[in-house]
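> Take a look at the following structure, please.
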Amino acid sequence: TLEQLGILSLLCFIWAGPTMFGFCLLTCTVISLISIGSGRTSNEFQPCSKPCPLVAITKNHRSQAKTMEVNYIKGDATNPTVEGNKIIVHICNDIGGWGKGFVVAISKRWKQPEQKYREWFKAQENFKLGQVQFVQVEHGFWVANLIGQHKINKDENGNAPIRYESILLGLEQVGQFAIEKNATIHMPRIGCGLAGGTWDKIEPLIKQSLSDKDIMVTVYDF
């Protein structure tokens, strides 16, 4: 009936959105005509118990459209030139060591990240793998000290200090912080220097925790 067609059309508009509304409306019209032609009354009408495939397709399209790619540029990760709030992410070890790798570039520009990291290690308050310390260095600008490296050397089995699961946990915290601050994220190829990680394993972690949540990430190569 026309009443049923109106209800179905409204539901299609709400769930599928205006992009798929025309297609859904056509589908609903055909279903209604078939129902009317078969002589079924409104009391006999029963909604489909299965989820509408059109809605599923539309939702999937929306989620894909929101996915951002990781940006790669040549430049200095300690000097992002984009406007707005910014977060620099780098990897720290879990034994309080600071003095080699990307941290040297950070300390040349700001003293606070190293100072706060050493204070954090000394206090041992939640200082462990997977945790992140956000240090504000300028207005709307933070450095994220992410603990994703166990000690500084390979273990007795030859395994690198990198801890991928800890990096993922830390990046998820970074992502939440970035959403709260409406900030973009900037980093070198984290975990691929002294930590001994490989980018083919780290990049998916970045996409999963940041890019797939519509957070802009820029990776800097020298």
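The values are calculated or read from the model by the stated rules, or taken from the named source; none is laboratory data. These numbers were taken from a predicted model, which means no experiment stands behind them. Cβ coordinates were reconstructed from backbone atoms using ideal geometry, including for glycine residues, and neighbour counts include every protein chain displayed.
> Please specify each residue of the stretch 184-212 satisfying the condition of being within 18 Å of Glu172 (Cα to Cα) and either among the basic types (Lys, Arg) or not in a helix (DSSP H, G or I) (or both).
Thr184, Ile185, His186, Met187, Pro188, Arg189, Ile190, Gly191, Lys201, Lys207, Leu210
> Also: Which condition from (1) of a type in the set (S, T, N, Q); (2) crowded, with 16+ Cβ neighbours inside 10 Å; (3) not in a helix (DSSP H, G or I) is the one that Gln173 breaks?
The number of the failed condition is (3).
> Can you tell me which of (1) without any contact (Cβ under 8 Å) to a residue 24 or more places away in the chain; (2) among the hydroxyl-bearing types (Ser, Thr, Tyr); (3) within 21 Å of Thr78 (Cα to Cα) is the one Thr198 doesn't meet?
Status for Thr198: all satisfied but (3).
> Filter the stretch 145-161 down to the residues that are touching a strand residue (DSSP E or B) at 6+ places or on another chain (Cβ under 6 Å) and among the hydrophobic types (A, V, I, L, M, F, W, C), then identify the one that is modelled with the lowest pLDDT.
Among them, the one singled out is Ile152.
> Give just the number: which of (1) outside any strand (DSSP E or B); (2) of a type in the set (A, V, I, L, M, F, W, C); (3) surrounded by 19 or more Cβ atoms within 10 Å (Cβ to Cβ) does Ile147 not satisfy?
Of everything listed in (1) outside any strand (DSSP E or B); (2) of a type in the set (A, V, I, L, M, F, W, C); (3) surrounded by 19 or more Cβ atoms within 10 Å (Cβ to Cβ), Ile147 misses just condition (1).
> Still on this structure, please answer the following. Residues that are among the polar types (S, T, N, Q), surrounded by fewer than 17 Cβ atoms within 10 Å (Cβ to Cβ) and closer than 24 Å to Val82 by Cβ: does the stretch 129-139 have at least one?
Yes.
> Turning to a different aspect of this structure: Out of the residues in the stretch 101-128 meeting the condition of being among the aliphatic types (A, V, I, L, M) and crowded, with 19+ Cβ neighbours inside 10 Å, tell me which one is farthest from Arg163 (Cα to Cα).
Applying the filter and picking the extreme gives Ile106.
> For Glu69, work out the one condition from (1) in contact with a Ser or Thr (Cβ under 9 Å, 6 or more places away or on another chain); (2) surrounded by fewer than 16 Cβ atoms within 10 Å (Cβ to Cβ); (3) over 17 Å from Leu171 (Cβ atoms) it doesn't fulfil.
Every listed condition holds for Glu69 apart from (3).
> Before we move on, is Ile185 surrounded by fewer than 21 Cβ atoms within 10 Å (Cβ to Cβ) and over 14 Å from Cys92 (Cα atoms)?
Taking the combined requirement at face value, the residue does not satisfy it.
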